[in-house]
2 protein chains.
Amino acid sequence: MKKTTLVLLSSLVFLFLSCKEAKKEVEKTTAMVEETTTQEVDAIFPKGQKGPAQFFTGDAYNYGLVPMDSTYTMLVGNVYFEPGARSNWHTHGAGQILIITDGEGFHQIEGQPKEFLKKGSVVKCPPNAKHWHGASPGKAMQQLYIVPNTEKGVVNWMEAVTDEQYNGN
Amino acid sequence: MKKTTLVLLSSLVFLFLSCKEAKKEVEKTTAMVEETTTQEVDAIFPKGQKGPAQFFTGDAYNYGLVPMDSTYTMLVGNVYFEPGARSNWHTHGAGQILIITDGEGFHQIEGQPKEFLKKGSVVKCPPNAKHWHGASPGKAMQQLYIVPNTEKGVVNWMEAVTDEQYNGN
């Protein structure tokens, strides 16, 4: 065998082995990335119970964290909205705080522009303001809600949010 | 050039180019994985301001979410405790709710066993109960706090939690 052929052949074997190793590495790291990014949201709590069609459009799940009582006089829970899901219009006698822990969605107070929400957003909805909240069309939303001073009322459910309202400004 | 040499040379060039592409892919996916896994906790909010040594042992950071006012009469915020960091003993006039959103830590009411906390844990500390909370020795903790009915007082700071208390049961 000529020297040139030998050198080329050795290089070929070496490069082939390195490449095989690199390919394995790609497969491993790609699998790890996929595992991390395919979850719709990073769930903190169990999914909970599906919200009734009477009060929600699409699939929304409620998981209670602090029940109403006379000690803390508030209600705390988590809602997971699947993409496109939203609450009906409603009011709270003492207002409501929303804390978005993952995903993307909207909040709208009647007569005001739709507010875009994402991980870390905090919403303060004043007492008796008519509002709705839900996920964006393409991405789920996970939110904590706090209803303070429950002695002033918890929730007053109203009509569904139409597609026109949901897709509007 | 001989045919064998030509074939080997072409294979070498082809393999070299494929390998270069694979290496780029490894670097890209490795960077993505590292970005996801090097954070101590999955932060929802900015880190915030460091809690004063007067009230905290170790490094704890507070980020306010809902300020005290006469509308919602509550205080909501996020605390990020670095490993080993904890609050002093303290009380709240109307109690406190803690919601753990990531990491690991402890909560203890005076005279009761230390309670282990992790992502998804919810703590209800009654009005005027003396307590402390903080991260585990090896892992940070991220928690939301809710102080209801702030008209009854916000916080009454007391002495530091000793290492013996922190490491005890």
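Would it be correct to say that B:His107 is buried (at least 19 other Cβ atoms within 10 Å of the Cβ), out of contact with any Gly (no Cβ under 9 Å at 6 or more places or on another chain) and in the same structural domain as B:Asn62 (by TED's automatic domain parsing)? No. On inspection, A:Lys118 qualifies as loosely packed, with under 14 Cβ neighbours inside 10 Å, among the charged types (D, E, K, R) and closer than 24 Å to A:Asn169 by Cβ. Residue count for the stretch A:45-78 under the criterion of being without any contact (Cβ under 8 Å) to a residue 40 or more places away in the chain and part of a loop (DSSP other than H, G, I, E, B): the result is 13.
Taking the stated definitions as given, is B:Leu117 part of a strand (DSSP E or B), touching an Asp or Glu at 6+ places or on another chain (Cβ under 8 Å) and not aromatic (Phe, Trp, Tyr)? Spelling it out, B:Leu117 is indeed part of a strand (DSSP E or B), touching an Asp or Glu at 6+ places or on another chain (Cβ under 8 Å) and not aromatic (Phe, Trp, Tyr).
For beta carbons closer than 6 Å, sequence separation of 6+ or different chains, a first residue in the stretch A:79-108 that is more than 20 Å from B:Gly77 (Cβ to Cβ) and a second that is assigned to a loop (DSSP other than H, G, I, E, B) and among the aromatic types (Phe, Trp, Tyr), the qualifying pairs are A:Asn88/A:Phe55. Residues that are surrounded by fewer than 22 Cβ atoms within 10 Å (Cβ to Cβ) and within 10 Å of chain B (Cβ to nearest Cβ) within the stretch A:126-149 comprise A:Pro126, A:Pro127, A:Asn149, listed in sequence order.
Is at least one residue of the stretch A:41-48 closer than 19 Å to A:Trp157 by Cβ and either modelled with pLDDT of 95 or more or surrounded by fewer than 17 Cβ atoms within 10 Å (Cβ to Cβ) (or both)? Yes, some residue in the stretch A:41-48 is closer than 19 Å to A:Trp157 by Cβ and either modelled with pLDDT of 95 or more or surrounded by fewer than 17 Cβ atoms within 10 Å (Cβ to Cβ) (or both). You will find that of B:Thr57, B:Thr91, the residue that is under 24 Å from A:Glu151 (Cβ atoms), more than 14 Å from chain A (Cβ to nearest Cβ), surrounded by 18 or more Cβ atoms within 10 Å (Cβ to Cβ) and modelled with pLDDT of 95 or more is B:Thr91 and no other.
For the stretch B:100-122, indicate whether the set of residues that are closer than 23 Å to B:Thr71 by Cα and at pLDDT 95 or above is non-empty. Within the stretch B:100-122, not a single residue is closer than 23 Å to B:Thr71 by Cα and at pLDDT 95 or above.
All conditions in (1) acidic (Asp, Glu); (2) within 16 Å of B:Ala85 (Cα to Cα); (3) touching a residue at least 12 places away in the same chain (Cβ under 8 Å) hold for B:Asp163, with the sole exception of (3).
The values are calculated or read from the model by the stated rules, or taken from the named source; none is laboratory data. This structure is a prediction, so every number in the text was calculated from the model and none was measured. Backbone-built Cβ (ideal geometry, glycine too); neighbour counts: all protein chains shown.
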